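> Can you keep this structure in mind? I'll have questions shortly.
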Amino acid sequence: MSTTSLAKGTVMPSPLPWSGLLALATAAFAAVVTELLPAGLLPRMAPALGVPESRVGFLVTGYAVASFAAAIPVTALVRGLPRRPVLIGTLLAFASSNTVVAVSSSYGVTFAARLSAGVAGGTLWAMLAGYAARMAPGERRGRAIAVVLAGITLALSLGVPAGTALAALVGWRAVFGLLAGVAVLLVVWVRRRVPGFPGEPRAGRAPLRRVAVLPGIPLILSVTLFLLLGHQVMYTYAAPFAAHAGFGRTDVVLLVFGASTVAGIWGTGLLVDRRPRATLLGALALCAVVMLALGRYAEVPAVLLVSVALWGVAFGGTPTLLQTALVDASGPAAADVATSLQTTVYNAGIAGGSLTGGVVLDASGAGALPWAALPLVVLALTAVAVGRRHAFPAVRGPG
């Protein structure tokens with residue numbers, strides 16, 4: 001255990017390397033905004049690129065598919081390289097891609113740039129949790145991961161809405177140019193404040209298939225898949241569900257959800273190193289209760305908004321809890337490979353949940369969406385409940 005001793009013998013936990021962790025959190029923030037911003041700019045980008053709005057939506061799809069496809073093979077390819085140059089390379093790829101998007105008038109060129117950003121995104125997500133884990137003392141590893149993943153929450157709740165609003169004032173091209181500039185500034189920040197770590201030596205490098213079957217890893221990946229499937233069934237179709245409930249302000253629903261995720265990740269940061277299993281069980285149980293409430297009483301506006309707020313609190317902290325469990329099960333040395341597997345499963349859950357929700361919506365209407373999401377969340381809850389030893393122990397070890 002890494003500690004700092006006071007003069008009278010009192011032992012205090014070592015401080016977190018805040019500047020470096022905030023640099024990684026900002027990288028996560030910029031990556032999520034880069035990925036999702038076109039969804040908020042469909043009417044503005046479509047005329048400039050000479051395509052229908054649906055084709056602009058494919059810029060988000062292309063990014064996600066590239067991220068899904070690249071996470072495992074690219075991580076395997078670069079796992080022997082020093083970590084900081086790889087991190088800087090992903091940031092420069094974001095800067096280049098967003099610069100091309102900012103100046104291009106060709107849809108084909110823009111789509112290609114988005115694919116390159118997706119590859120960078122898949123590589124980045126495979127690195128962040130492991131990097132945070134290696135930067136922090138073992139007893140504070142969970143909180144370090146929470147700090148970094150807070151960048152995702154802030155991007156969803158503030159970054160994407162702010163980028164959309166800014167585009168109305170200065171134009172969408174300027175916003176992508178701003179994102180490119182942020183990535184360049186991040187390179188400087190990372191070089192100064194984020195420590196360098198060696199890559200994995202070839203002799204001690206565990207094959208990907210061996211990491212995938214380490215005790216606890218398959219169960220953690222299964223929980224990730226079930227949760228994301230259930231979450232995306234509802235989240236992707238929040239607009240038709242809100243209309244079904246008689247609440248026409250989808251923007252308010254999404255704002256409530258996004259703001260509540262901030263509270264969720266803050267609370268998780270306080271609990272993840274002390275009671276990770278209980279916190280995850282509580283979050284998943286709360287998600288299940290929310291789906292029941294939305295299925296039965298969503299037509300009451302107060303119930304709808306309170307349920308969405310609780311959903312945001314519950315879901316906001318789950319990425320941190322699952323990432324921490326994954327790093328604990330794999331060990332920091334194999335964390336990049338394990339996280340690349342989780343990145344792939346995460347994106348598969350997003351795609352599968354969106355597809356499932358669309359099928360349910362067409363076949364049974366928006367009112368059936370919570371009932372489709374509920375059994376998937378219950379499956380995730382059940383898997384955590386049985387995964388006591390390797391995947392989801394009651395307390396975290398110091399290492």
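The values are calculated or read from the model by the stated rules, or taken from the named source; none is laboratory data. Remember, it's a predicted structure, so these values are computed and weren't measured experimentally. A quick note on method: Cβ atoms are made from the backbone with ideal geometry, for glycine too, and the neighbour counts reach across all protein chains shown.
> Might you check whether a residue that is modelled with pLDDT of 90 or more, outside any helix (DSSP H, G or I) and surrounded by fewer than 20 Cβ atoms within 10 Å (Cβ to Cβ) occurs anywhere in segment 303-311?
no
> Just wondering, is there one or more residues in segment 72-92 that are of a type in the set (Gly, Ala, Ser), in a helix (DSSP H, G or I) and within 19 Å of the chain's Cα centre (by Cα)?
No, the conditions are met nowhere in segment 72-92.
> Now, a different point. If a residue must be under 20 Å from residue 378 (Cα atoms) and surrounded by 17 or more Cβ atoms within 10 Å (Cβ to Cβ), how many such residues does segment 255-280 contain?
Residues that pass the stated criteria total 5.
> May I pose another question? Which of the residues belonging to segment 254-283 are modelled with pLDDT of 80 or more, within 23 Å of residue 367 (Cα to Cα) and over 17 Å from the mean Cα position of the chain (by Cα)?
Of everything in segment 254-283, just one residue is modelled with pLDDT of 80 or more, within 23 Å of residue 367 (Cα to Cα) and over 17 Å from the mean Cα position of the chain (by Cα), namely 256.
> Residues in segment 316-329: is at least one over 29 Å from residue 127 (Cβ atoms) and either among the aromatic types (Phe, Trp, Tyr) or part of a loop (DSSP other than H, G, I, E, B) (or both)?
no
> Please determine whether any residue of segment 368-376 is modelled with pLDDT under 85, crowded, with 22+ Cβ neighbours inside 10 Å and under 21 Å from residue 292 (Cβ atoms).
no
> Further, regarding this structure: Pick from segment 169-186 the residues that are of a type in the set (A, V, I, L, M) and within 21 Å of the chain's Cα centre (by Cα): which of them is nearest to residue 100 (Cα to Cα)?
If we take residues in segment 169-186 being of a type in the set (A, V, I, L, M) and within 21 Å of the chain's Cα centre (by Cα), then 180 is nearest to residue 100 (Cα to Cα).
> Filter segment 112-135 down to residues that are over 20 Å from residue 73 (Cβ atoms) and crowded, with 19+ Cβ neighbours inside 10 Å and give me whichever is modelled with the lowest pLDDT.
Going through the qualifying residues, I end up with 133.
> Take the residues in segment 31-58 that are modelled with pLDDT of 85 or more and in contact with a Pro (Cβ under 8 Å, 6 or more places away or on another chain); name whichever of them is nearest to residue 181 (Cα to Cα).
Step by step, filter segment 31-58, then rank; the result is 45.
> Based on what the data block shows, is residue 283 surrounded by 23 or more Cβ atoms within 10 Å (Cβ to Cβ), without any contact (Cβ under 8 Å) to a residue 60 or more places away in the chain, under 17 Å from residue 309 (Cα atoms) and assigned by TED's automatic domain parsing to the domain that holds residue 357?
So residue 283 fits the description; yes.
> Can you tell me how many residues within segment 291-304 are touching a residue at least 40 places away in the same chain (Cβ under 8 Å) and touching a Phe, Trp or Tyr at 6+ places or on another chain (Cβ under 8 Å)?
6
> Being touching a Gly at 6+ places or on another chain (Cβ under 8 Å) and hydrophobic (A, V, I, L, M, F, W, C) narrows it down to one residue among 58, 111; which is it?
111
> Name every residue in segment 136-163 that is surrounded by fewer than 20 Cβ atoms within 10 Å (Cβ to Cβ) and touching a Lys or Arg at 6+ places or on another chain (Cβ under 9 Å), in order of residue number.
Passing the criteria: 138, 139.
> Further, regarding this structure: Among the residues of segment 305-322, write down those that are touching a Gly at 6+ places or on another chain (Cβ under 9 Å) and of a type outside the set (Ser, Thr, Tyr).
312, 313, 314, 315, 316, 317, 321
> Now a separate question. Residues of segment 37-73 being closer than 18 Å to residue 346 by Cβ, buried (at least 19 other Cβ atoms within 10 Å of the Cβ) and in contact (Cβ under 8 Å) with a residue 60 or more places away in the chain, which ones?
Answer for segment 37-73, where residues must be closer than 18 Å to residue 346 by Cβ, buried (at least 19 other Cβ atoms within 10 Å of the Cβ) and in contact (Cβ under 8 Å) with a residue 60 or more places away in the chain: 64, 67, 68, 71.
> For residues that are under 25 Å from residue 324 (Cβ atoms) and either of a type in the set (Ser, Thr, Tyr) or not assigned by TED's automatic domain parsing to the domain that holds residue 357 (or both), scanning just segment 212-250, find the one that is surrounded by the fewest Cβ atoms within 10 Å (Cβ to Cβ).
Of everything passing the filter in segment 212-250, 222 is surrounded by the fewest Cβ atoms within 10 Å (Cβ to Cβ).
> To continue, here is another question. Listed residues 216, 246, 230; which is over 28 Å from residue 379 (Cβ atoms) and not hydroxyl-bearing (Ser, Thr, Tyr)?
From the options 216, 246, 230, the qualifying one is 246.
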